[in-house]
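This report refers to the structure that appears directly beneath it.
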Amino acid sequence: MSARGRFAPGQVLFGGDWSPEQWDPATWDEDLELMRRARVNTVTLGVFSWSSLEPTEGAFVTDWLDEILERLAAAGIGFFLATPTASPPPWFTRAYPDALPVRADGTRLTHGSRDTYAISAPAYREAARRITRRLAERYGRHPGLRGWHLHNEYGTLDHGPHAERAFQVWLAQRYGTIEALNQAWTTAFWSQGYASFAEITPPRATQYLPNPAQAIDFRRFSSDEMLAAMIEQREELRAAGSTAPVTTNFMLPTWNHLEQWSWAEQEDVVSLDHYLDTVGPDAEAHVAYGADLARSWSGGPWVLMEQNATGIRLDGRTLGKGASRMLRHCLGYIARGSQSSLFFQWRQSAGGSEQWHGALVPHAGGESRVFESVMRLGEVLERLAPVTALPADGPLIAAEVAILWHADGWWALETPDLPSSHLSYSAEVRATHRSFHRAGIPVDFVAPLADLSAHRLLVVPAQYPLSDAQVAWLEEYVHGGGELLVTYLSGLSDEHLRVAIGGYPGRLRDLLGVRGEELLPLPAGRRVQLSDGSVVEEWTELLTATDAEVLATYTHDGLAGLPAITRARRGAGHATYVSAGWTQESRDAHLAALAAELGIAPTLPGAAEAGLEAVRRRGDGVEHLFLLHHGAAPVTVRGNGQDLLSGASARDGLRLEPGGAVVLSLAPETPIHLLED
Ligand code: GLA
């Protein structure tokens, strides 16, 4: 476990974003009383408070925050303090109009919302450092400070003149010479050859398609540039003597502007804002996905910084979650390493842009069904304090399956004019994760070049660009005995999105033992069957097996009889290639069968089929088996464990009703069985 993976607050942090600057002192009193009743122990302050803290340039007003911190201290409630730099105030915009972000089409944005900053603008960076320094000097050693929440969801892309200069510097460092850049970007195409770095712009509105290598480099640059801004803030805190842990909140699932592995290295603890995008059973799978990503980025425990307390936004409607589900979701995150259940937000705003967003205290106030369930949640979370202790060594969750994750895959599939514009990196990765989740098998995500010694199976979904080093890493894994499964859209190009010619997927052709000649997306809605009975959609390829075994062939049109799924033996391991887009059901069946063949067992055999989610979180000399029952019929488990929530023993059998949850405390590796009902 990495050093950054040691965040152990001794209790589950419970609470949310609190914005006292929106309310009067009478409401503060009521808030603190409601927090006491709900057993809230943590709030996040200051996320968008810049104009309240610095109403005019250089004039700081902190009395209100001093008073809030005094009241929190008296109530025994800790806090994350945010740097408010995601929302520069109007005075800043008026004084430094060049620090407003510019869209690719040239539109310069203005204040009146939030996130309007040009990350490379010197005036913005200086103002951000100044307010950070001020907060660090005043509050950096406060005993209630649980950590620094730097900025909020970094993610504004700027295509303006400041970004242009910074992009040129970044490119000069990356490529060294303009000739190397011209080569990497294939600028001979459409007369784009550059004579110097000074001629290069961020991708902006162009008459026709932009250069894909320029597009992906701009995404990488933007992530690095925002990371540099975050590091500057962290350095201000440290210079002021504050040693509190530092985090910034990542966001899932809608957009992805950060390369999370490099960011996580610069944080003391990873935190995530996670908003569900479905109300069906897939919401539970989505919780598991977000939590597994956050734990993997962190290399250990992490902080769930935000989730919606009451609603799931779907197709323009905010649909209710329900209290039982809310509780199971909180437990699902904690089972997978979260040290918190924090929410956006504590009190539902009366005005402003997000006045209809859910909160722990709804507009109706403390006398409400929502708040009743919040109090119940507080009780449950208090009993889970023992879960937050960390194992002396080894991972929080023992997973033998790894899925490769890298933002390059996401960004590559967002470049225009690919063979299909209906490709989504996150959909492909999520579908892969969902299959293992449905099988009840724990999963880690891994970075390229990660140590894979604990992982018997590595799945590479849709990782379109692969560098030489990444290809060598995959080869070494397989030759050393690893089982690799690669899905279509992986390894088509090098890191500059240059197709590796001679047959697809060019970067992995030798390892996979195949040679593809044509990429053949299927028309919308068309599904075809393979010889092994699996059904595929979206994508097929004209493929031959050079020295791989053919596991399944196509049966349709001009591809009938040709390989669709192959497996090559390499050294002590195997490399499987899936050249077509499995439907979810086919993917589920194949991945579960492959895991079974490798002897990778579900956490609790039979549980997933009954709708029972089972996750074993390792602790200090103890394990906690989380059992979350999303199914429709009661189930009974038995084994030598005790439920932290009810105190009941499972020795003679413990029954879970639909919607129920238990957290069994066990000696390490104690078996628990699911009984037939
Ligand atoms: C983000 C932000 C919050 C709030 C929520 C609403 O995650 O960090 O300030 O806007 O979304 O879902």
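Below, the figures for the structure above:
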read-out: Among the residues listed as Glu57, Glu21, Glu30, the single one being surrounded by fewer than 22 Cβ atoms within 10 Å (Cβ to Cβ), modelled with pLDDT of 95 or more and within 16 Å of the ligand (Cβ to nearest atom); value: Glu21
read-out: Residues that are in a strand (DSSP E or B) and of a type in the set (D, E, K, R), drawn from segment 520-545; value: Arg527, Glu537, Glu541
read-out: Among the candidates Thr206, Thr248, Thr254, Thr243, residue that is among the hydroxyl-bearing types (Ser, Thr, Tyr), surrounded by fewer than 19 Cβ atoms within 10 Å (Cβ to Cβ) and within 16 Å of the ligand (Cβ to nearest atom); value: Thr254
read-out: Segment 271-285, subset more than 15 Å from the ligand (Cβ to nearest atom) and touching a residue at least 60 places away in the same chain (Cβ under 8 Å), residue nearest to Gly409 (Cα to Cα); value: Ala285
read-out: Hits in segment 222-248 (condition: of a type in the set (Gly, Ala, Ser), part of a helix (DSSP H, G or I) and under 17 Å from Tyr139 (Cβ atoms)); value: Ala239
read-out: Qualifying positions in segment 546-605 - assigned to a strand (DSSP E or B) and hydroxyl-bearing (Ser, Thr, Tyr); value: Thr553, Tyr554, Thr566, Thr576, Tyr577
read-out: In segment 194-223, the residues that are free of Cβ contacts under 8 Å to residues at least 24 places away in the same chain and of a type in the set (Val, Ile, Thr); value: Thr206
read-out: Filter result (more than 17 Å from Val270 (Cβ to Cβ) and within 15 Å of the ligand (Cβ to nearest atom)) within segment 330-350; value: Phe343, Phe344, Gln345, Trp346, Arg347, Gln348, Ser349
read-out: For Asp98: the one exception among (1) charged (D, E, K, R); (2) more than 18 Å from Arg220 (Cα to Cα); (3) under 25 Å from the mean Cα position of the chain (by Cα); value: (3)
read-out: Test: residue in segment 387-394 that is at pLDDT 95 or above, surrounded by 13 or more Cβ atoms within 10 Å (Cβ to Cβ), of a type outside the set (A, V, I, L, M) and in a loop (DSSP other than H, G, I, E, B); value: yes
read-out: Selection from segment 218-240 of residues that are hydrophobic (A, V, I, L, M, F, W, C) and away from the ligand (no atom under 16 Å from the Cβ); value: Phe218, Phe221, Leu227, Ala228, Ala229, Ile231, Leu237, Ala239, Ala240
read-out: The listed residue being surrounded by 17 or more Cβ atoms within 10 Å (Cβ to Cβ) and touching a strand residue (DSSP E or B) at 6+ places or on another chain (Cβ under 6 Å), out of His151, His159; value: His159
read-out: Single residue of Val429, Val380, Val374 found to be assigned to a helix (DSSP H, G or I), of a type in the set (Val, Ile, Thr) and in contact with a Phe, Trp or Tyr (Cβ under 7 Å, 6 or more places away or on another chain); value: Val429
read-out: Cβ pairs under 8 Å, 6+ apart, first in segment 14-43 and closer than 10 Å to Gly378 by Cβ and part of a loop (DSSP other than H, G, I, E, B), second of a type outside the set (A, V, I, L, M, F, W, C) and more than 16 Å from the ligand (Cβ to nearest atom); value: Arg39/Gly378; Arg39/Glu379; Arg39/Glu382; Val40/Gly378; Asn41/Gln11; Asn41/Gly76; Asn41/Gly78
read-out: Pair list, Cβ < 9 Å and 6+ apart or interchain, from segment 288-309 residues that are farther than 30 Å from His363 by Cβ and away from the ligand (no atom under 12 Å from the Cβ) to residues that are charged (D, E, K, R) and assigned to a helix (DSSP H, G or I); value: Ala288/Arg434; Tyr289/Arg430; Tyr289/Arg434; Ser298/Arg4; Gly299/Arg4; Gly300/Arg4; Pro301/Arg295; Trp302/Arg295
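Matching residues to (1) acidic (Asp, Glu); (2) touching a Gly at 6+ places or on another chain (Cβ under 9 Å); (3) assigned to a strand (DSSP E or B); (4) touching a residue at least 12 places away in the same chain (Cβ under 8 Å):
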{"position": "Ala632", "(1), (2), (3), (4)": "no, yes, no, yes"}
{"position": "Gly647", "(1), (2), (3), (4)": "no, no, no, no"}
{"position": "Asp652", "(1), (2), (3), (4)": "yes, no, no, yes"}
{"position": "Leu664", "(1), (2), (3), (4)": "no, yes, yes, yes"}
{"position": "His673", "(1), (2), (3), (4)": "no, yes, yes, yes"}
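The values are calculated or read from the model by the stated rules, or taken from the named source; none is laboratory data. Here the structure is a predicted model, which means the values were calculated and not measured. No Cβ is skipped: glycine too gets one built from the backbone with ideal geometry, and neighbour counts run over all protein chains shown.
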